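The values are calculated or read from the model by the stated rules, or taken from the named source; none is laboratory data. Nothing here was measured: the structure is a model prediction, and the numbers come from that model. Glycine gets a Cβ as well: all are built from the backbone with ideal geometry, and neighbour counts include every protein chain shown.
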Amino acid sequence: MNAELSQAPPGLPRRLMAMLYDGLVLCALLMVAGATWVALHRAAAPPGDWAFRAYLLAVCAVFYAGFWTRGETLGLRAWKLRIEGPNGRPPGWGRALLRFAAAILSWLPAGLGFLWVLVDRDRLAWHDRLSGTRLVLRTD
């Protein structure tokens, strides 16, 4: 593990605050992505358009995975967190995309996969376990 990282995993409140920060950035990005879709198609996507939904999901996946491969999102940075893979370094694209897919599974049962950090001995959420990644506190 890097010297700048502590062994103590973050608790749920810090994780949730980082997610809130990232959610605000993601909302802005999705507005730009939606406007781009409208400009390219010269019309708004009709309700329930699966292509538009897939496009927005891909934008979200690239947003998170792109930041995770660098070790942190803006929210993680603000809350002094860092993501690492099993080798103590930021995950690669494959592991980051797996984490994104697993995070969706963590949200589906009313967020139970995220709440799992409250009972897990290592304070890992379902998507941490499924992807072989974890969040750690930065000491810098």
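Worth pointing out:
- Per-region count, the stretch 113-140, residues out of contact with any Ser or Thr (no Cβ under 6 Å at 6 or more places or on another chain) and either surrounded by fewer than 13 Cβ atoms within 10 Å (Cβ to Cβ) or charged (D, E, K, R) (or both): 11
- Tabulated pairs, the stretch 32-45, first closer than 17 Å to Leu57 by Cβ, second among the aliphatic types (A, V, I, L, M) and not in a helix (DSSP H, G or I), C-beta under 9 angstrom, 6+ apart or interchain: Gly34/Ala44; Gly34/Ala45; Trp37/Ala44; Trp37/Ala45
- Residue within the stretch 54-66 that is aliphatic (A, V, I, L, M), farther than 13 Å from Asp22 by Cβ and surrounded by fewer than 11 Cβ atoms within 10 Å (Cβ to Cβ) present: yes
- Filtered by the rule that a residue be outside any helix (DSSP H, G or I) and under 21 Å from Thr133 (Cα atoms), the stretch 22-72 gives Thr69, Arg70, Gly71, Glu72.
- Considering only residues in the stretch 90-136 that are assigned to a loop (DSSP other than H, G, I, E, B) and without any contact (Cβ under 8 Å) to a residue 12 or more places away in the chain, the one that is nearest to Ala18 (Cα to Cα) turns out to be Gly111.
- Hey, Gly111 within 16 Å of the chain's Cα centre (by Cα) and modelled with pLDDT under 95 or not: yes
- Filter pass, Leu57 being over 18 Å from Arg99 (Cβ atoms), within 14 Å of the chain's Cα centre (by Cα) and modelled with pLDDT of 95 or more: no
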